[in-house]
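The values are calculated or read from the model by the stated rules, or taken from the named source; none is laboratory data. All figures in this text were calculated on a predicted structure; none of them were measured in a lab. Every residue, glycine among them, receives a Cβ derived from its backbone with ideal geometry; neighbour counts consider all protein chains shown. Please note that ligands, DNA and RNA were not included when accessible areas were found on the heavy atoms of the full protein model with its side chains. Shrake-Rupley method; radii C 1.70, N 1.55, O 1.52, S 1.80 Å.
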Amino acid sequence: MVKTPARGWREPYGGCAVHVEAGTEFQATTAQVCGLFPFVAGSGSPAIGTPIGRHQLFGEVVCLDPLAWLRAGLVTNPGVFVLGQPGTGKSTLVKRLIVGAIASGSTALILGDTKPDYTMLVEHVGGQVIRVGRGLDRINPLDAGPLGAVRTQRGAGAERTRWELRGRRLSLLMALCTLIREAPVGNAEEVILGRAIDLLDERLAAPTVPDVLAVLEEGPEALRSAARTDDPERYRERVSNLVFTLELLCTGSLAGVFDGPTTRPIDLTAPAVSVDISRVGAAGDKLLTAAMLCTWAYGFAMVDGTTGHSYMAVMDELWRALRGAPGLVEYADSLTRLNRAKGMASIMITHSLADLEALPTEEDRAKARGFIDRSAITVLAGLPPRELARVSEITRLTGPEQELVASWSAPDSWQPGVRHPGRGKYLIKTGDRLGIPVELALVGVEHELYDTDQAIR
């Protein structure tokens with residue numbers, strides 16, 4: 001029996017069809033075509049932004065860019081929270097987003113690279129790498145960058161900027177003091193610190209921590225008034241704890257890193273900037289936490305002084321900046337909230353919500369959960385079921401979504417060399433929309449630039 005070819009016989013009058021037209025597509029509601037509903041696919045994935053992989057169910061290309069999604073009205077803010085176990089490819093996804101942001105004209109800012117994971121990529125694209133540490137680059141946590149020029153300006157806008165700058169500097173100083181003494185700063189000390197910042201703003205464009213210490217020890221009339229005493233001895237008693245705390249910032253475990261002028265300012269004309277604090281991390285968690293907070297404050301201050309440009313800020317290892325001492329979450333929250341620059345996306349990365357739940361007080365834990373709650377986009381890599389239950393309390397997940405992400409959390413065999421099932425797989429959630437399961441595949445030089453396991457091998 002001879003079977004007719006699919007396009008007909010290739011001979012005269014054989015009915016050969018070189019071109020086969022596509023079938024007619026119809027669209028209708030499920031109420032109109034309810035009998036066909038099982039065969040109807042959902043809406044397509046976003047095609048706006050950086051291509052990050054293919055949809056795991058439909059195979060179509062999925063794109064992600066928080067700024068592009070915000071401009072298109074897909075999300076309400078350009079915040080991204082990335083959550084996943086180590087080794088599942090969180091930094092790989094973020095690096096792809098960084099490259100896409102640079103290609104679209106934005107500047108990527110890695111504010112505190114702790115390992116470092118991003119140095120090779122930033123150098124490859126011709127960006128700037130600032131290496132913070134003793135004997136290396138130094139950051140002045142009170143450096144306002146371009147905003148420092150407002151001290152000589154007049155007008156309502158300049159006055160608002162001065163108050164915002166004052167709040168940023170005060171929050172950062174209080175965070176560092178809280179970290180050093182492992183206890184909150186008192187109300188009276190906060191008032192005195194604020195008045196000291198006001199005095200230094202009149203004298204200097206970029207005051208440093210030693211400048212704050214010097215003016216406290218000087219004890220001018222304005223500070224004695226803030227301390228509610230005219231007696232110099234009584235004043236010294238009231239500021240003694242604060243003086244010793246600031247002295248430790250200058251001479252203790254943090255000495256040589258944040259106690260002087262910025263030696264290498266951030267270059268906002270570079271396509272990407274990475275502040276490498278891996279050398280600081282070798283000196284202990286307390287110094288690393290201080291480095292992350294100072295880097296955030298300095299980076300946001302630099303961006304606030306510019307207009308007409310978009311930025312993507314990456315804050316990796318978020319949990320390490322919050323666990324240093326009770327109350328640090330409040331200061332970290334205020335530092336990030338004080339960033340009012342238009343056109344700036346933020347990407348926060350951590351391993352587990354359990355890291356945030358381990359904070360000492362319920363108030364700290366509630367504020368830490370707010371970081372993910374305020375991010376319009378949540379990206380989940382491989383996570384165990386218990387972790388997904390925590391996430392679902394903040395970002396609602398359906399049963400199938402939880403099962404899918406949980407299936408990426410651990411290999412199903414003990415065979416060595418088997419690829420981790422969650423490597424390069426992510427679920428993108430925005431609000432109450434169904435999540436988008438996507439799988440990222442590396443191409444070309446990405447295999448080398450995005451590899452975070454080179455040191456292990």
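Subtracting the Cα-Cα distance of Ala156 and His309 from 0.36 nm times their residue separation leaves 52.7 nm of extension gain. Globularity index of the range 109-193 is 1.44 (Cα radius of gyration / 2.2 N^0.38 Å, N = number of residues). Angle of helix 156-181 to the longest C-alpha principal axis of the chain, folded into 0 to 90 degrees and rounded to 10: 80°. No solvent, one uniform scatterer per C-alpha: report log10 I(q)/I(0) for the chain via the Debye equation at q = 0.08 1/Å, two decimals. With one equal scatterer per Cα and no solvent, log10 I(q)/I(0) is -0.54. Sorting Asp355, Asp285 by accessible area puts them as Asp285, Asp355; the probe is 1.4 Å, largest comes first, and only protein heavy atoms count.
Mean projection of the Cα convex hull over all viewing directions, computed for the range 165-275: 7.8 nm².
Each label was represented as a point 7 Å from its Cα along the Cα-to-Cβ direction; for His124 and Thr251 these points are 4.7 nm apart.
Distances between placed amide hydrogens fall under 5 Å for Val273 paired with Ala108, Leu109, Ile110, Gln128, all partners being 5 or more residues away or on another chain.
For the Cα trace of the range 217-376, dividing Rg by the Kirkwood Rh returns an Rg/Rh value of 1.02. Here the range 213-270 and the range 373-398 have alpha carbon centers that stand 42 Å from each other.
Taking all protein chains into account, the per residue accessible area for the chain stands at 48 Å² (1.4 Å probe).
Within the range 180-203, name every residue whose backbone N is under 20 Å away from a label modeled 7 Å from Cα of Asp231 along the Cβ vector. So the set is 188-189, 192.
Pairs of lysines in the chain whose Cα atoms sit within less than 19 Å of one another amount to 6, provided the residues are eight or more positions apart or on different chains.
PRE reach from Ala183 (point 7 Å along Cα→Cβ): which of the range 242-269 fall under 18 Å by backbone N? Inside the label zone: 242-249.
If Lys and Arg each add +1 and Asp and Glu each add -1, what is the summed charge of the other residues whose beta carbon sits under 13 Å from the beta carbon of Pro210? Provide the component values of the computation, followed by the final result.
Details: positive: Arg138; negative: Asp211, Glu217, Glu218, Glu247, Asp259.
Charge balance in the 13 Å sphere: -4.
Relative to the longest principal axis of the Cα atoms of the chain, helix 285-304 runs at roughly 80 degrees.
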